[in-house]
Structure formats: structure tokens, C-alpha cells
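Derivation of every value follows stated rules applied to the coordinates shown; laboratory data play no part. Every value quoted in this text rests on a predicted model; they were computed, and no experiment measured them. Glycine gets a Cβ as well: all are built from the backbone with ideal geometry, and neighbour counts include every protein chain shown.
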Amino acid sequence: MKSKTLAVLLLSGGLDSTTLLAVAVRKYGFQNVVAISVSYGQKHSMELEQAKKIAKYYQVEHKIIDLSSILQFSNCALLKDSTQEIKDKSYAEQIKEEGKVNTYVPFRNGLMLSSVAAIAYSLIEDTEYEEAAILIANHADDSAGNAYADCSFDFINAMNSAISIGTYKKVFVEAPFTKFNKADIVFTGLMMNVPYEMTRSCYKDTAESCGECGTCIDRLKAFEANGATDPIIYKK
């Protein structure tokens, strides 16, 4: 099946982007989807291995790009060279206590969207594709309380405008989960039989997910809200 649109999806290997991949494959057809994962110096780099497996599961082309040299100057707790520890608290608790979360990577979504815009334009140049859609799985829980400023509707809308202008209106951003919470995303994925056992959300570099960091807490609550059990293994 040939589509006029090439879908270029940011795939972290986590729950949200994997659900979006399932949506994209259904909408555009697996032949018209390219998944791109980003190595940015994250402690939990094992998510990239899961992304490879997930891309293979959905039979889509998969690429990995490296942005670690740009983010080497940040001391964000999410980065492997950081002197900070990842907090075992929910995002809401962190915001209440400190006004922010310590896993915000400076302008990460902006860097990823800009980089993928260049890639997407190159992939459709001199092909039968008329346009490229960059798919990103940001959601309402991440932007709540300004936890991650680059996940908000305003940010994504602004990036979409800039990318459209900069690519002669050939590339645009598609962010269908912007107004969804994580429970909504899990509901969507359960209806589509997304292989959540293959996903990796935990921010810590451990074989099993910790169940205590902000993203683990949100993930567990999302499954609980759907009356479902998270299929991944957590540390006891």
C-alpha cells in the first residue's frame, strides 16, 4: 500500500511511542512508516534495544541517531554523566516541592523534532511521497504543571509551524496524544494489542524496572486506571 505521506515516528522504546507506532502502522501502513530512535546520553540506554525489537515486531524501518554531543553540557539527572540522582517521586510531588522535575532534558523534543525534520525531508525528496509527518507521542501528563515544557500543546504547535516553513510545507508534526493522559494511551494500546511487555519506560539503568521513578509511577497508575496489569517485570 502506497501512501502520499511518509510517517517518520520518534520511537523511544517506551509505552507512549510504541502505542503511537501501532496507530501509525494502522493509519499509514507499515511500508510507509520509518521509526527513529535517539541516543542522547541517557542512563537508560537499554530503551534503544527495546526500540529495535519493537520496530522489528511492527516490520518498520528503524534508524538510530546520536544527539549526545549536544546534550553533554547538561547536568540533567537523566543523563549518564550527571552528578544528580533520579528522584523516586511522582512528577506531581517533584513539582510541588521544587517547581520542576529533574529529568527534564534541555529542549530535547525541540532537538529531536528539528533533527528528524531534516531527515524526513531528505527521505521524501525525489520520491513519490508528497509529504512527511513527524509523529511524536508527547501527552498531557508530561506537560501538566509545566513538568516538561517541550511537551505542551503550545510548544508542539510552534515547532510544527517552524518545521512547515523550513521545509517548504513538505513536513509537519503530528502529535495525536497531546491532550491524552497516560491512562488514555494505555486504553488505546490495549484495544490494539500493543506488546507492552516489550516496552521500557523506567529511567534507571537496571535490568528490571524500578517501579519508583516518576515514569514508572505514571505507567503503573495508567494500567491500574484501565483495570489491567502491566506485563513488564518490576524489582520487588
Counted charge near ALA222, where neighbours are those whose Cβ lies closer than 9 Å (Asp, Glu -1; Lys, Arg +1): -2
Computed [θ] at 222 nm, helices only, for the chain once each DSSP H run of length n ≥ 4 contributes -39500 (n - 2.57): -12000 deg cm²/dmol
Approximate spin-label separation LYS56-ASN146, in nm, with each point projected 7 Å along Cα-to-Cβ: 4.4
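Sum up the charges of everything whose Cβ sits under 14 Å from the Cβ of MET46, counting Lys and Arg as +1 and Asp and Glu as -1, but leave MET46 out.
Around MET46, the charge tally is +2.
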Neighbourhood net charge (9 Å Cβ-Cβ; Lys/Arg +1, Asp/Glu -1) for LYS182: -3
Under 5 Å, built H, 5+ apart or other chain: amide partners of SER37: LEU11, LYS63, ILE64, ILE65
Calculated P(r) of the stretch 26-77 - Cα pairs past 19 Å, %: 37
LEU135 long-range amide H proximity, modeled H, under 5 Å: VAL8, LEU9, LEU10, GLU174
Cα long-axis angle, helix 46-57 against the chain (0 to 90 degrees, to the nearest 10): 40
Rough spin-label spacing in nm, given labels placed 7 Å along Cα→Cβ, for PHE107 and ASP205: 2.6
Members of LYS56/LYS179; LYS27/LYS100; LYS56/LYS100; LYS52/LYS96; LYS179/LYS221 lying beyond 25 Å, as alpha-carbon distances in this model show: LYS56/LYS179; LYS27/LYS100; LYS56/LYS100; LYS52/LYS96
Additional length obtainable on full extension of the chain from ILE119 to SER164, 0.36 nm per residue less Cα span: 14.8 nm
Cα convex hull of the stretch 5-225, projected area averaged across orientations, nm²: 11.4
